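What follows is a short report on a single structure.
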Amino acid sequence: NTARHGTKLNDVTKALDELNTYADKTIYNFGDMTRNIGLFTNAGIKVEEATSMIKGFSNEAAASGTTSQGAAGAAYQLSQALSAGTIRLMDWRSLTNVGMGNKNMQNGLIEIADAMGTLNATSTSAESIQKDFNSSLESNWLSADVMSTYLQIMAGDLDATAMSSLGLTEAQIKGFQAQAKTAEEAATKVRTLTQLLSTAGEALGSGWSETWELLLGNFDEATVMFTNANNVISKIIDNSSKSRSALINDFVELGGRKSAIDAISNA
């Protein structure tokens with residue numbers, strides 16, 4: 001999905017390692033991370049940006065009290081919207097239906113869209129959006145760029161300088177930093193036995209993943225090893241099948257099958 005951006009296998013591996021590390025520290029699992037990064041990159045997003053967005057999305061989901069199952073469904077719908085370039089009402093509802101899209105998120109998106117000039121470009125005002133957020137989405141002010149920027153801020157991957165370059169004020173930057181910290185804590189604090197078992201399982205899985213990579217090699221090395229093994233095993237199986245078929249063929253030609261049928265019929 002990202003080869004057209006010049007992405008190499010090492011870049012993908014690095015992104016997955018980053019998500020794996022994030023999953024070890026949070027209540028979300030690496031399986032969800034890999035599915036989501038596939039969805040986001042399929043929408044045309046670069047792998048580095050997608051990695052940051054997924055972390056921010058997961059943090060936001062945790063802050064909203066959304067389950068991992070709910071977040072996975074919302075991520076799928078969001079990926080479709082990102083591919084189209086605009087988050088519309090039906091896409092937003094997929095977030096609100098699982099508990100996301102709270103007032104903090106709404107205000108944050110409005111502030112970013114205003115700073116980036118998206119509101120002016122769509123002849124929309126922050127006041128009108130705040131009065132009726134859902135209806136305002138029909139004016140297409142909530143672009144993929146605005147959402148991407150918000151999620152990267154929630155991931156903590158945009159520092160004060162980067163946010164200032166977007167046009168955000170010092171007060172807005174401090175507000176976003178506090179919101180991002182709260183969201184990250186929501187994702188990393190373990191509060192239930194289920195979350196504890198899930199987090200421990202992630203850490204255990206990561207350790208075994210590293211062990212198996214050392215034993216079997218990375219993507220390229222494992223491909224060579226298993227392809228060669230497959231070629232050898234397939235040849236053995238093929239020769240065995242040919243020998244068995246040749247033996248059965250001789251049995252049939254010597255009348256063995258007919259004799260067996262006659263014996264059964266007589267019985």
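Laboratory data are not the source of any read-out in this text; all were calculated from the coordinates shown. Just so it is clear, the structure is predicted and the values come from calculations on it, not from any experiment. Using ideal geometry, Cβ is built from the backbone for each residue, glycine included, and neighbour counts are taken over all protein chains shown.
Distance between the 7 Å Cα→Cβ label points at residue 96 and residue 80: 1.8 nm.
Going down the list 14/103; 14/55; 25/181, which pairs span over 25 Å between their C-alpha atoms? Display every interim value, and only then the final one.
Values: 14/103 34 Å; 14/55 15 Å; 25/181 14 Å.
14/103, as the Cα separations exceed 25 Å there.
Listed by chain and number, the aspartates and glutamates whose C-alpha is less than 18 Å from the C-alpha of residue 189, apart from same-chain residues fewer than 8 away, are 24, 60, 202. Calculated on C-alpha atoms, the gyration radius of region 66-192 divided by its Kirkwood radius gives an Rg/Rh of 0.95.
Among 105, 81, 6, whose Cα projects farthest towards the positive end of the dipole of the chain, with charges put on the beta-carbon of Lys, Arg (+1) and Asp, Glu (-1)? Most positive-ward Cα: 81.
When each of the peptides 39-50, 228-239 is scored by the mean number of other C-beta atoms lying within 10 Å of its residues, the order from highest to lowest reads 39-50, 228-239. Near the amide H of residue 86, within less than 5 Å, lie the amide hydrogens of 144, all on another chain or at least 5 residues away, with H placed in the peptide plane.
In order along region 168-180, phi translates into HN-Hα couplings of 6, 7, 4, 5, 5, 4, 4, x, 5, 5, 5, 5, 5 Hz, rounded to whole numbers, per the Karplus curve 6.51 cos²θ - 1.76 cosθ + 1.60 with θ = phi - 60° and x for Gly and Pro. Pairwise Cα distances in region 1-118 exceed 16 Å in 61 percent of cases. Principal-axis analysis of the Cα atoms of the chain puts helix 193-216 at an angle of about 50° to the longest axis.
Evaluated at q = 0.14, 0.15 Å⁻¹, the base-10 log of the normalised Debye intensity for the chain, with identical point scatterers placed on the Cα atoms, takes the values -0.99, -1.11.
Coupling constants for region 143-156 follow from the phi torsions by the Karplus curve (6.51 cos²θ - 1.76 cosθ + 1.60, θ = phi - 60°), and in residue order they are 7, 4, 5, 5, 5, 4, 5, 4, 5, 5, 5, 5, 7, x Hz; glycine and proline get x. The alpha-carbon of residue 8 sits under 19 angstrom from the alpha-carbons of these lysines, leaving out residues fewer than 8 places away in its chain: 46.
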